[in-house]
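The values are calculated or read from the model by the stated rules, or taken from the named source; none is laboratory data. Keep in mind that what you see is a predicted model, and the values were worked out from it rather than measured. Here the Cβ positions follow ideal geometry from the backbone for every residue, glycine too, while neighbour counts run over all protein chains shown. Keep in mind that these areas ignore ligands, DNA and RNA; they rest on the heavy atoms of the full protein, side chains included. Shrake-Rupley method; radii C 1.70, N 1.55, O 1.52, S 1.80 Å.
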Amino acid sequence: MSTNLGLINRPVWEPGIERIERANLSRFMRFVRESTGNDDIRRHTSLYDFSIRHPERFWSLVWEFCGIRAHGDHEPVLVDRDRMPGARWFPNVTLNFAQNLLRYKDDRCAIVARNEWGNEREISYAQLHADVGQLAHALKSAGVGVGDRVAGFLPNIPEAVIAMLATASIGAIWSSCSPDFGIRGVVDRFGQIAPKVLFTADTYGYGGKRFGCLDRVREVLDDIPSIERVVVIPYSGEPLTLDGLRGAVTWPDFVGSDTHALDFAALPFDHPLYIMYSSGTTGAPKCIVHGAGGTLIQHLKELVLHTDLKREDRLFYYTTCGWMMWNWLVSGLAVGATLVLYDGSPSYPDGNALWNLADEVGISVFGTSAKWISAIEKAGVKPRETHKLQNLRTILSTGSPLAPESFDYVYRDIKERVLLASISGGTDIVSCFALGSPLLPVYRGELQCRGLGLKVEILDDDGKPVRGEKGELACMAPFPSMPVGFWNDPGDEKYRAAYFSRVPGVWCHGDHALLTEHDGIIIYGRSDATLNPGGVRIGTAEIYRQVEQVPEVLESVAVGQQWDEDERVILFVRLRDGVQLDDALRDRIARQIRVNTTPRHVPAKILQVADIPRTISGKITEIAVRETIHGRAVKNTDALANPQALELFRDLSELDPQ
C-alpha cells in the first residue's frame, strides 16, 4: 500500500497564478527559450528534460542567469562528460567563492542572529564585507595561504560565516563541526586534514544550559600538532582564560581594529572550498572535498530556481555548523537575501521557539528537519492558532523522509498557503538530488521533483531505471557538485568505492526510493538500513510513518536481526513519559503497521527503550543499533550525540534464540 502512496493522492498545495508569474523559475524558462530558440520549454518537466539532455547548455545558462562572477573562457563547459567520476566542469575558468557571496556591499541586512539566551545581532552587507576583509588580512598575516586548512569548532553565529568567507577569499579550505562534538569526534575529523588555524567559541548554549568549549579544545590541541593558532570568540561575554591553549588569541585581538580591503584569490573552478565529513558511525569519518565552483553553481541553482529565493527574502534553516545545511544556507548571501542564524535548542523553552523567531524577524523561507516537525506535532504545537507567520511562504524539510501525516500537520496546523518542500541529498554532494519547485503541486509524502541538471533515476536490482517501483536512487551522469575527491585518498579508491562500486559509471546514493507517475520522489530510507525479511525489501521510513501515528510513540527505530537463516524485523519505540509498553499497545502498533502497509512490515518483536541513538546532526542511526543487537562493536561512537543509548540495546534477552 505504501508503494502507491504518491500515485493515488491529490495535491495538498498548488501554486497560484501570481506565484507562478513572479517565480524566478518562470523568468529562467523565458530566458532559456530566448537563448536557445526552443519555444517548447514552458513547463517544469520540459525544462528538466532539456537540462539533462543538454547539460552544457543548461549549466551555462544557469551561470549567466545567476550572474556568477569569474574570469576566463566559459567554454568548454564540460570535458570528459562520459567519465564518472572524472568529468571536469568549466576547466578554463577562475573564480572566488567568497567574492560571489559578497557581491553586495550595501546597507541591507545580510545576517540576523539570535540565540536562546535572547541575544540579538544584525550585520549589514557593508559591515560583513569589512569584517571579512579584516579577518582575511589576519589569516594571511598568520601564514595561511592557498590550500591551507582552517577549521571551525563553532556554534551557529555570525563569526562562523565571517571565518568561512575569509578563508575562502584567500583560497584556503574551510572545515567545521558543531561544539557538541566530543574530543574524539573532533580529532577524528580535523586530525585527518591538519588545519593550521582553529576557530572556537568559549561556550555555547543548548536547552537552557551553557557548555564550555575550551577544556575540550586543550585536549584537541594535544592530538593535532598542526594547529598553530586558536582564535577564541568571547561568545559568553565572560572574562576569558586562555591558559594552556597553544597559540591562543581572542577574536578581537586577532583581527585588530584596522580596515583592510578584500583581495579575492582567483582560483580554478574545482579548487577545494570545503572539507566535510560522513557520519562516521561505521568507521573513521570520510573527508569529502567539495570544489568552489561546483558548490556555488549548484547552490545558486537550488536557491534561485528551486527555492525561489529573492533579495527581499529572509532565509532560515535550523542547523549547526556540522551539517551541510549550514553551508547551503550561507550561500543565500550570493542572492543578497538576509540569513537568519539561530543558536540553541529548537524546542527551548518550548516547541514554539522557532515560530516565535519566524514572527519576530519575518522569516519567509523556513527550513528544519522532518524529525522536528513530527516532534512539535506530538507536542500539540499549532502555530496557525498562535502565530501570524505573515511573511512565511516556503517551508523546507530534510534530514529524513517527511511522513505523509506531517504534510497534513503542516497544512492543517501551521499554514495553509505555504509551499512545503521536502528535500533530499546529502553531505556527499553538499546539495540535493530531489527538492521543491515553485511551479509544481505538492503531493502528500512526496518530494516534488528531481534537481534540474541531475539525471536522477531509480534503479532496480539489475541496475535498470524503473518508475512506480522501489529501488536505488542513482545519478546517471556527471553534475558540478560531485566531490573533488576524498582527502588523503590516493587514486580515488575510497571515493569510487563509496558511490560507484555497485554500478560502474553511475552514482548510487544509498537511498531506497520510488519515482512516481508525476515525477515526484518518495524516499523510504537508507539502502544500507533496508530491511529484508523473507527476501522482501522494506524501507524503514515505511514503518516509522505508521508507528509514529500512534499517540503514545514519540519516535522509533527498526532494524533487521539475523534469525534462522533469514532476517526478522525488530522495532524499538520510545514512548511518552509515564507510558509503558503492554500487550494492548503492542497490538495497536502492529495493527497500525499491518493495516496501512503489508503483513511483511509487521515487526517480529516490539520493545520499549528509554532513548534512541542519533548522530550529532540528529539522524537516527539504524546501523549502530543493528550492530549492537548482534553483539558487534560500533566503530565510532564519537559520531553519536548520545552514545550511551547504545547500552539500552545490548544483550537483550528478548532477542535471544528461544
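Listed peptides 526-532, 37-43, 136-142 appear in the order 136-142, 526-532, 37-43 once ranked by packing, highest mean of other Cβ atoms within 10 Å at the front. Coordinate range of the alpha-carbon atoms in the range 518-620 per principal axis, descending: 41, 35, 28 Å. Convex hull volume of the C-alpha atoms in the range 1-106, normalised per residue: 210 Å³.
Shape class for the range 262-347, computed from the alpha carbon gyration tensor (a ≥ b ≥ c): oblate, with a/c not under 1.5 and a/b at or below b/c.
Using the rule -39500 (n - 2.57) for each DSSP H run of four or more residues, divided by the residues of the chain, the 222 nm mean residue ellipticity is -8000 deg cm²/dmol. About the centre of its Cα atoms, the chain shows a dipole size close to 1000 debye [charges on the beta carbon of Lys, Arg (+1) and Asp, Glu (-1) only; nearest 20 debye].
The DSSP beta bridges internal to the range 540-633 are antiparallel in roughly 75% of cases.
Structural descriptor for the range 457-593: relative contact order 16 percent, calculated from alpha carbon pairs under 8 angstrom and at least 6 residues apart. Within the set of other residues whose C-beta is less than 12 Å from the C-beta of Ala434, count the net charge using Lys and Arg as +1 and Asp and Glu as -1. Taking every other residue near Ala434 into account, the sum is -4. For the range 167-321, taking Cα atoms only, Rg and Dmax work out to 17.6, 50 Å respectively. Ellipsoid fit via the Cα gyration tensor, the range 540-597: semi-axes of 20, 13, 11 Å, each the root of five times an eigenvalue, largest first. For the range 152-230, the convex hull spanned by the alpha carbon atoms encloses 80 Å³ per residue. Peptide packing for 115-122, 15-22 was compared via the average number of neighbouring C-beta atoms within 10 Å per residue; ordered from the highest value, the list is 115-122, 15-22. Projected onto their three principal axes, the Cα atoms of the range 59-114 cover extents of 46, 26, 18 Å, largest first. Computed from phi, the 3J(HN,Hα) profile of the range 227-240 under the Karplus parametrisation 6.51, -1.76, 1.60 (θ = phi - 60°) reads 6, 9, 10, 10, 9, 9, 8, x, 5, 6, x, 8, x, 9 Hz, with x in place of Gly and Pro. Computed over neighbours whose Cβ is under 15 Å from that of Gly133, the net charge equals -1, Lys and Arg +1, Asp and Glu -1.
The residues of the range 522-600 present an accessible area of 44 Å² per residue when probed at 1.4 Å with all protein chains retained.
Looking at the range 584-636, the pairs of alpha carbons with a distance over 19 Å make up 46% of the total.
Ordering of 155-162, 229-236 by packing is 155-162, 229-236, highest average first (other Cβ atoms within 10 Å, averaged per residue). Only alpha carbons enter this Debye calculation for the range 392-483, each as an equal point scatterer, and the log10 of I(q)/I(0) it gives at q = 0.11, 0.14, 0.25 Å⁻¹ is -0.36, -0.57, -1.33.
When only alpha carbons are used to place a centre, the range 441-498 and the range 555-621 end up 29 Å from one another. Couplings 3J(HN,Hα) of the range 433-450, computed from phi: 8, 9, 6, x, 8, x, 9, 10, x, 9, 9, 3, x, 10, 7, 4, 7, 7 Hz, in residue order, whole Hz [Karplus 6.51 cos²θ - 1.76 cosθ + 1.60, θ = phi - 60°; x for Gly and Pro]. Relative contact order of the chain, taken over Cα pairs closer than 8 Å and 6 or more residues apart, is 13 percent.
Across the accessible surface of the chain, with the other protein chains kept in place and a 1.4 Å probe, carbon and sulfur atoms take up 45 percent.
Rg/Rh, computed from the Cα trace of the range 330-456 with Rh as the Kirkwood radius, has the value 0.95. With Cα atoms as the point set, the range 359-412 shows a radius of gyration and Dmax of 11.1, 29 Å. What accessible area per residue, rounded to a whole number of Å², is obtained for the range 252-382 using a probe radius of 1.4 Å? I get 27 Å² per residue for this part.
A cut-off under 13 angstrom between Cβ atoms defines the neighbours of Met324, and their net charge, with Lys, Arg +1 and Asp, Glu -1, is -1. Computed from the C-alpha gyration tensor, the three semi-axes of the ellipsoid equivalent to the chain are 36, 31, 25 Å, from longest to shortest.
Across the range 409-421, computed HN-Hα scalar couplings (Karplus, 6.51 cos²θ - 1.76 cosθ + 1.60, θ = phi - 60°) run 4, 4, 6, 7, 10, 10, 7, 7, 9, 8, 7, 9, 10 Hz from first to last residue, x flagging Gly and Pro. Taking Cα centroids, how far is the range 323-379 from the range 62-83 in Å? The two parts, judged by their Cα centres, are 33 Å apart. Stokes-Einstein diffusion for the range 129-174, with the hydrodynamic radius set to the Kirkwood value over Cα pairs and evaluated at 37 °C in a medium of 0.692 mPa s, equals 317 µm²/s. Ligands, DNA and RNA are left out, and with a 1.4 angstrom probe the accessible area of the range 27-121 is 50 Å² per residue. When the Cα gyration tensor is reduced to axis lengths a ≥ b ≥ c, the ratio a/c is 1.5 or higher for the range 215-302, and with a/b not above b/c it is classed as oblate.
Looking at the chain alone, DSSP beta bridges between its own residues are antiparallel in about 60 percent of cases. Binning all Cα-Cα separations of the range 84-236 at 10 Å, short to long from zero, yields these whole-percent fractions: 10, 36, 34, 17, 3, 0.
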